Structure formats: structure tokens, C-alpha cells
Amino acid sequence: MNNMTNDDRKHHHDSRGDQRKENDKKNQLESFTVDHTDKEMRTNQGVPVSNDDDSLKAGKRGPTIMEDFHFREKMTHFDHERIPERVVHARGFGAHGYFQVYKPMTELTSAKFLQDPSVKTPVFVRFSTVVGSRGSADTVRDVRGFATKFYTEDGNFDIVGNNIPIFFIQDAMKFPDVVHAIKPEPHNEIPQASSAHDTFWDFVVNNTETAHMIMWLLSDRGIPRSFRMMEGFGVNTFRFVNGQGKARFVKFHWKPLLGVHSLVWDEAQKLAGKDPDFHRNDLWNAIEMGDYPEYELGVQVIEEDDEFKFDFDILDPTKFWPEEVVPVQTIGKLTLNRNVDNFFAETEQSAFHTGNVVPGVDFTNDPLLQGRLFSYLDTQLIRLGGPNFHEIPINRPITPNVNNQRDGFHRMTINRGITSYSVNAIQGNSPHPVSKSEGGYVHYAEKVEGVKIRARSESFKDHYSQATLFWNSMSEAEKRHIIEAFHFEIGKVDRPEIRQQVVDMFNNVDEGLAKEIAKGIGAKPPSKPGGTAVTTSSPAVSQENTIKTASTRKVAIIVKDKFHFHELKQVIKGFKGYGVHAELISDTLGTVKSEEGKEIHIDETFTTSESVMYDAVFIPGGKHVQQLLLEDDALHFIHEAFKHAKTIGASNEGVDVLANAQLHGIAVSGTDNSPTPIVSKGVISIRNAANMSSFTNAFVNALSKHRHWVREKQQSS
Ligand code: HDD
């Protein structure tokens, strides 16, 4: 190395930089990974084990003896194998991937991972629900966590975000309060994973800064279709700082390439019982099948000089920056392409922290963020059992951590050398800090002055304007869903006075909304005119305007013996071309035989699955229809899919099943043998099966719309 020229050094450095890519974290994790296939069993002390089934006893029917070190070791480890769940976001699911920036972001930030489009920065993401315990269900109404750890060459950078761009409260001081209110009530620990109970709504009506967040929580955003189909937001306002030291305010966004889509409430509740792991399964299977979820990283940037130019305080975490006012620039893409090897070791032990930033990213005085900067580090000390959790493989940066910190529970590193203090002369003051120009993290030199005071800024006092803005931005269907969510949530509140207070509080958002809420919960309509002066909307927040695609959606195909093979085959082939997946459902597993005598394998049965697990349903023609017409399970399947506004299709005799199901307000194809399918509010039917491609195209087109809300309207009217 001593003979290296400067150019050599640069080259050496660059090529190391190139290697430090996507696989750096994977390789690091692999050095900790073990696989016991074909290995002989040994104790934790490495002693070969001769019998793992029987404890050591004084006689075959006698008591176990103390000297059975193998039994004691095995049992002790088992007795201690649980750790505390996260105090919030206990239930989560993680995956690995990588991030690539589209172009150098040098003007905005010096963050190294945002400079070189050829570098793939390894990433670990953990999605979560907030309120429920580790074993609760995925599809409950809740905010979803979207926490991302970038393993950059300058250390770990975490965006610890949610799928909603704002928060319940403005000051971290109130975080324990909102969490105590929303968690199960303390006397009986009921209800699990739900905000629909008295203490939460008592908190809401007595803390009106929650109004805006409640609107989002009760909107479709509270029940995502998939982790792959939700946005992520850093929520808090951060700073980007460039190489010249110029700082700007920034908000982070994740935008899913599959668009933002949600379940309907009835479906979400049923899924919570039928498949409590619905979102886990969805993410795991998508990655296993190579449908890698992708999200673009967006940033909204506000110049320091413009800090006070908005009609909201840009540091208030109960406010978002409407995209129409502050555009989102997409600057790179995250791809999730690898499932974990071990849930506990990776997902459960992952520890995120808003304070994990790298040079080029800094904080603001957002009072929620300020409190978070304390909480995340603190909470890991109890959850992960001490100060060395950064040494747990999933949490290790891919850069070395070199400092004078020593000892503590579960220390893994063996630090050589006798100095663990600074300044020292014995080891030449190693390790030594590096200056800003050498890459050392230096906090942005924001000028701060003020008297010590426990108070809220006047500029945080408006609790309703953006709640109205959000309401104004909703489509008719989204508004209807919000009202129905209020009816459910408040319908579960026992105290009538709280129910009335909810009506009165949300009258401040919109009078029409308050009146509708009142109707469903036995409360009085608001007694005075309501609403705010806001008449504008932010179309970007309506899911109606999101990306729509059928790609990766899942269709249930119902078949019994004597279906038409050629119809099924053509449709499945057509689906494949669009990236749509199909599963075959019948009343037993095994195989069914087509009219042509071909056998196909069944994936699920009416016992193991339900329409709520699919995006759409299709019934091919054939004599099997005669039996399907008598099958309650098949009709139930179709009715539920219909109720949940899903795409439904049938060909040939299959159409008889739809006709028999009496789908309200729907036209299906008659016996005229028309070559074009009939498309009626998301129900597609064709009798002429000579060419199934026009049917498949119409079906996939309907599927890409996600749901056909117009049906809900006719059901409720
Ligand atoms: Fe938090 C976990 C997101 C406010 C304190 N939070 C946690 C996780 C996410 C968020 C995604 C789970 C991370 C993981 O997967 O391990 N939290 C947010 C967002 C907030 C927010 C977007 C609003 C902007 N949080 C917030 C406040 C505090 C906390 C105001 C306290 C002052 N959050 C925590 C915590 C948790 C946590 C207690 C529990 C487990 C953990 O940190 O590791 O520290």
C-alpha cells in the first residue's frame, strides 16, 4: 500500500466504493448465519448430544437429576426466549432490498447515498401496525408503520415513517397519552388492536389537534390492501444540507409503483379472522414470486427563506405540505427483493431511530421530532436488553463503528488496546475524530434563541383547516367510507356524551360530515353552523387519483369436475401476460378433471379460503356449473366479492352462476353468442368463448380499477 500513488489510492477507494453495494449487508448478515442441515447436534457449549428426547433420570420412572446439563441448558434458553414487544408498532414484518438514486442530489444534500446512481444502497424495511400486540391481526384499522434503514457508506440512515403524512399530536410530550388512550383499556385489556373504544375517543374530543389525523385514520388509508400498495411518509420535517452548508427543509415520501389501494371495512374485519397474516403473506409471497415491491423516494423541499410563507406552520406535524403547493420530486427507487432468513433475528431485533442520520441530513425544531430523538434509542435499551443492540447483525452499519464505548450486556466486539478514552497519547489518540471536510458529521449551525417556556406556538393553534382540506379532497366513495368508519368507531363507544362530543368536534371540520356522523350513532346533529373557510382540495391525497394497475393482483377461479379447459387455459395465459396471478378453488384439494379429460391441481378449497383473500373471481364455463349452481359456498364467494366491489367474471355456462346469484343492478350476457363481453359495473361476462382474449382484456381492465365503488352506492341507496 505504501507504494501506491495518489491515483492508485483513488482507484482503490473507488473500486471499494463500487463493491460496497447491494450485497454488502447480505454478506455481513451471512457471516452470522448458520444452517444446521446435516449437522450433528451439540449443546451451546459445543458438546455432542446423544439424546435430545429424554431427561436424565434416577431410574426410568424416577425424578430428573440436577446434573442434566443438557436439560437445564435447553429449558433455560427456552424460558428466556421472549423479549418485550415494541411498546407501539409491536406487530411488524420486514424485508430486505436496495435503494438507488436517479441522479446526483448534490445541490440539495451531501448525503453520499444520494450521489451516485450506480450505487445500490442496501436497505431493510419493517412495516407495522401501531396499536395491536405482536400476535394481533394485519388488517385492523390503524396507521401503518413504514420504517426504512439505509445501510449507507456513511453509516445507517433511518426514515421511521408511517403511511399517513401527519400525526395525532403536535408535541412528543403527549405521545404516552395518545398511546395510553388508544391501546386496550387498562382494566380488562379490551379491545385488541382497535381505536374503537371510549378512552381513545375521550382523548380525541379533549385534544382537538387530533382532528386532522382522525380524518386520515378513518379514511381508506387505515385499511391498506397491501404493504406494497401504501405510501410512506417521514411525517416530521427534516433538513437537507448540501456540501456548501446550505440547508433546506425537507419531507420524505415513499410512493408505491402499484398505487395506493385499500380494503373495504367488512372485508378487513373478516380477513382479520380468516387470515390474520394477510399483509405478511402478501409481502412474503410477492417477494418469493419475484414481484418485487417498488417505491419511489420523493422529497418536498422548502427553502429556509420561505419558512413562514405558508398558511400552516411547516414544523407542525399535524399538517402536511399539499403536493399542489410544494411539489414532490421523486429522486430514487427502493426495491424489496429478499425475505428474511429468520424473523426474530432480523425483523424483531431491528431497531429504528429517527436520530440515525448521515452527513447531509439534519433535524428541525418540529417538537414531535425532538421528542422522538430521545425515545427511539431509549426504548431499545429495555427491548433489546442493553446498550449493545447496535451489534445485533441486522442493526450493524456496513461501516465499522470505532469509538471508546466499551462493555455492557452482550458485548460482542473484542476491542484490542489499552486506551478507551480520549484524548490519549498511549495509542496516539486513536480513534480520532474527523473534521467536517474529512466527512465528520457536523450539526447544522441553526441559530436558536428563546426563553425557556412550556407552551405551544400560536402558529400550531389551527386544528381544523387541513382536516377540511382533506375532506374536500375525497371522492364520493371515500367520503362514504369515512362516514361509515365513524359509525363503526363511535358506535363502539359506550358513553353517549363522548358520541355527542365527536359530532360537535367534527362539525368544526364540515357540517355535512357531522350531520352524517350523528345519524348513525344516535346523537343529535350539530346545533350550530360548522366547517372552516377552506374550500380548496388536494387531489393528490385522494386514492381515486392513484396509479391503477392489475399487475400482481390475485384472482380466484372456481372450478369443479367438468369445467372447460380451453377457457381456463386461455384466461390464465392472458392473466400471466398482465402479471396477474390466479388460484384455483374447489371443494377439495387434489385435482379436478375438465370436460376434455384434463386434470388440474387445486390450490385452495372453500374451507381454506374466502373471497376476501382475492382481488377478483372468475368462473369458466362447462358442465361443472350445474353443480356450482347448487353450491352455497360458491354463491357466497361471489356475493362477498360483489359486496366488496371486486371484479367478477364468467364465461359460457359460468354466466349462469352469475345470473343465478342475482347481483343487484348488474346485466350479464344473454344467449346471443356475442363475441364481445358485457361489462356491467365490474362484472364481465361472455357466452362466446371462441376467443377468450377480449374477455381477458376486459376482465384485467376492470381488475386494474381495484374496486367498483358505484356498486356500493346502489347497495346503500
Ligand atoms: Fe414512533 C416505533 C413511526 C411518533 C416513539 N414509530 C415506531 C415505528 C414506526 C414509528 C414506524 C416502528 C419502527 C420499527 O418497525 O421497529 N412514530 C412514528 C411516526 C411518528 C412517531 C411516523 C410521528 C411522526 N414515536 C413517535 C413519537 C414517539 C415515538 C412522538 C415518542 C416520543 N416509536 C416510538 C418508540 C418506538 C416507536 C416508543 C416503539 C418501538 C421502537 O420505537 O423501536 O420509540
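Can we say Thr106 is polar (S, T, N, Q) and surrounded by fewer than 23 Cβ atoms within 10 Å (Cβ to Cβ)?
Spelling it out, Thr106 is indeed polar (S, T, N, Q) and surrounded by fewer than 23 Cβ atoms within 10 Å (Cβ to Cβ).
Could we say that Asp138 is crowded, with 23+ Cβ neighbours inside 10 Å, at pLDDT 95 or above, within 15 Å of the ligand (Cβ to nearest atom) and acidic (Asp, Glu) here? Full working, then the answer.
Details: crowded, with 23+ Cβ neighbours inside 10 Å: yes; at pLDDT 95 or above: yes; within 15 Å of the ligand (Cβ to nearest atom): yes; acidic (Asp, Glu): yes.
When the stated conditions are applied, Asp138 passes them.
Whether any residue in region 652-660 is assigned to a strand (DSSP E or B) and in the same structural domain as Ala616 (by TED's automatic domain parsing) is what I want to check.
To start, the set of residues in region 652-660 that are assigned to a strand (DSSP E or B) comprises none.
No: zero hits.
From the list Val235, Val241, Val250, pick out the single residue that is within 15 Å of the ligand (Cβ to nearest atom), over 21 Å from the mean Cα position of the chain (by Cα) and closer than 16 Å to Gln300 by Cα.
Step by step, each of Val235, Val241, Val250 is checked, and only Val250 is within 15 Å of the ligand (Cβ to nearest atom), over 21 Å from the mean Cα position of the chain (by Cα) and closer than 16 Å to Gln300 by Cα.
Does region 220-244 hold any residues that are more than 30 Å from Asn285 (Cβ to Cβ) and not in a loop (DSSP other than H, G, I, E, B), and which are they? First the steps, then the outcome.
Taking region 220-244 and keeping what is more than 30 Å from Asn285 (Cβ to Cβ), we get 236-244.
Correct list: Phe238, Arg239, Phe240, Val241.
Between residues in region 139-154 that are closer than 18 Å to Glu294 by Cα and residues that are acidic (Asp, Glu) and at pLDDT 95 or above, which pairs lie under 6 Å by C-beta distance while being six or more apart or on different chains?
The qualifying pairs are Lys149/Asp158.
Output the residue which, of all residues in region 667-687 that are assigned to a loop (DSSP other than H, G, I, E, B) and of a type in the set (A, V, I, L, M, F, W, C), is nearest to Gly579 (Cα to Cα). Walk me through it before giving the result.
Initial filter on region 667-687 (assigned to a loop (DSSP other than H, G, I, E, B)): 667-677, 681-682, 687.
Then drop every residue that is not of a type in the set (A, V, I, L, M, F, W, C), which leaves 667-668.
On the way: Ala667: 28, Val668: 26 Å.
Among residues in region 667-687 that are assigned to a loop (DSSP other than H, G, I, E, B) and of a type in the set (A, V, I, L, M, F, W, C), the one nearest to Gly579 (Cα to Cα) is Val668.
Out of (1) touching a strand residue (DSSP E or B) at 6+ places or on another chain (Cβ under 9 Å); (2) assigned by TED's automatic domain parsing to the domain that holds Leu114, what's the single condition that is false for Arg221?
(2)
Step by step: first the residues of region 166-193, then only those that are surrounded by 20 or more Cβ atoms within 10 Å (Cβ to Cβ) and more than 9 Å from the ligand (Cβ to nearest atom), then the one that is nearest to the chain's Cα centre (by Cα). Which residue is that?
Ala193
Checking Val160 against (1) surrounded by fewer than 20 Cβ atoms within 10 Å (Cβ to Cβ); (2) closer than 21 Å to Phe363 by Cβ; (3) within 13 Å of the ligand (Cβ to nearest atom), which single condition isn't satisfied?
Here Val160 meets the rest and fails (1).
Please tell me if Ile482 is buried (at least 18 other Cβ atoms within 10 Å of the Cβ), of a type in the set (Val, Ile, Thr), more than 19 Å from Lys713 (Cα to Cα) and within 26 Å of the chain's Cα centre (by Cα).
In short, no.
Can you tell me which residues in region 705-717 are in a loop (DSSP other than H, G, I, E, B) and either charged (D, E, K, R) or touching a residue at least 60 places away in the same chain (Cβ under 8 Å) (or both)? Full working, then the answer.
Step one: filter region 705-717 for residues in a loop (DSSP other than H, G, I, E, B), giving 705-709, 717.
Correct list: Lys705, His706, Arg707, His708, Trp709.
Which residue pairs have Cβ atoms closer than 8 Å, lie 6 or more positions apart in sequence or on different chains, and pair a first residue in region 531-545 that is on the phi > 0 side of the Ramachandran plot with a second residue that is part of a loop (DSSP other than H, G, I, E, B) and at pLDDT 95 or above?
Gly531/Asn508; Gly531/Val509; Gly531/Asp510
Whether any residue in region 245-261 is more than 24 Å from Phe150 (Cα to Cα) and at pLDDT 95 or above is what I want to check.
The answer is yes, given that some residue of region 245-261 is more than 24 Å from Phe150 (Cα to Cα) and at pLDDT 95 or above.
Would you mention how many residues in region 338-389 are more than 10 Å from the ligand (Cβ to nearest atom) and of a type in the set (S, T, N, Q)?
Qualifying residue count, region 338-389: 6.
So if I check each of Ala698, Ala690, Ala702, which one is more than 28 Å from Arg480 (Cβ to Cβ) and either in a loop (DSSP other than H, G, I, E, B) or among the aliphatic types (A, V, I, L, M) (or both)?
Ala690
Okay, residues lined up against (1) closer than 30 Å to Asp462 by Cβ; (2) in contact with a Cys (Cβ under 8 Å, 6 or more places away or on another chain); (3) assigned to a helix (DSSP H, G or I); (4) assigned by TED's automatic domain parsing to the domain that holds Glu153:
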position: Phe308; (1), (2), (3), (4): yes, no, no, yes
position: Asp311; (1), (2), (3), (4): yes, no, no, yes
position: Pro317; (1), (2), (3), (4): yes, no, no, yes
position: Trp321; (1), (2), (3), (4): yes, no, no, yes
position: His353; (1), (2), (3), (4): no, no, no, yes
position: Thr364; (1), (2), (3), (4): yes, no, no, yes
position: Gln370; (1), (2), (3), (4): yes, no, yes, yes
position: Tyr376; (1), (2), (3), (4): yes, no, yes, yes
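Before we move on, is Ala650 surrounded by 24 or more Cβ atoms within 10 Å (Cβ to Cβ) and closer than 30 Å to Asp220 by Cβ?
Taking the combined requirement at face value, the residue satisfies it.
Can you spot a residue in region 481-490 that is in contact with a strand residue (DSSP E or B) (Cβ under 9 Å, 6 or more places away or on another chain) and closer than 21 Å to Ile521 by Cα? Give the steps one after another, and end with the answer.
Residues of region 481-490 in contact with a strand residue (DSSP E or B) (Cβ under 9 Å, 6 or more places away or on another chain): 481.
Narrowing the set further to residues that are closer than 21 Å to Ile521 by Cα leaves 481.
Checked against the condition, which is being in contact with a strand residue (DSSP E or B) (Cβ under 9 Å, 6 or more places away or on another chain) and closer than 21 Å to Ile521 by Cα, region 481-490 yields at least one hit.
Yes/no matrix, rows are residues, columns are (1) over 19 Å from Ala268 (Cα atoms); (2) free of Cβ contacts under 8 Å to residues at least 60 places away in the same chain:
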position	(1), (2)
Lys562	yes, no
Phe575	yes, no
Ile602	yes, yes
Ala616	no, no
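Listed here are the residues, each with its yes/no results for (1) more than 16 Å from the ligand (Cβ to nearest atom); (2) under 39 Å from the mean Cα position of the chain (by Cα); (3) part of a loop (DSSP other than H, G, I, E, B).
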| residue | (1), (2), (3) |
| --- | --- |
| Glu40 | yes, no, yes |
| Asp52 | yes, no, yes |
| His70 | yes, no, no |
| Val87 | no, yes, yes |
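Are there any pairs with C-beta distances below 8 angstrom linking a residue in region 227-252 that is over 19 Å from Asp366 (Cα atoms) to a residue that is within 12 Å of the ligand (Cβ to nearest atom) and among the basic types (Lys, Arg), with the two at least 6 apart or on different chains, and if so which?
Going by the 8 Å Cβ cut-off, the qualifying pairs are Phe227/Arg144; Met230/Arg144.
If I go through region 563-595 residue by residue, how many of them are crowded, with 17+ Cβ neighbours inside 10 Å and at positive phi?
Number satisfying all stated conditions: 0.
Going residue by residue through region 306-318, is there one that turns out to be among the polar types (S, T, N, Q), farther than 30 Å from Thr468 by Cβ and modelled with pLDDT of 95 or more?
Among the residues of region 306-318, not one is among the polar types (S, T, N, Q), farther than 30 Å from Thr468 by Cβ and modelled with pLDDT of 95 or more, which makes the answer no.
Right, Thr335: in a strand (DSSP E or B) and either within 14 Å of the ligand (Cβ to nearest atom) or farther than 30 Å from Phe308 by Cβ (or both) or not? Give the derivation first.
Working: in a strand (DSSP E or B): yes; either within 14 Å of the ligand (Cβ to nearest atom) or farther than 30 Å from Phe308 by Cβ (or both): yes.
Yes.
Taking the condition away from the ligand (no atom under 16 Å from the Cβ) and farther than 24 Å from Glu640 by Cα, does Val264 pass? Steps first, please.
Values: away from the ligand (no atom under 16 Å from the Cβ): yes; farther than 24 Å from Glu640 by Cα: no.
Answer is no for this residue.
The values are calculated or read from the model by the stated rules, or taken from the named source; none is laboratory data. A quick note: this is a predicted structure, and the numbers were derived from the prediction, not measured. Note: ideal-geometry Cβ built from the backbone for every residue, glycine included; neighbour counts use all protein chains shown.
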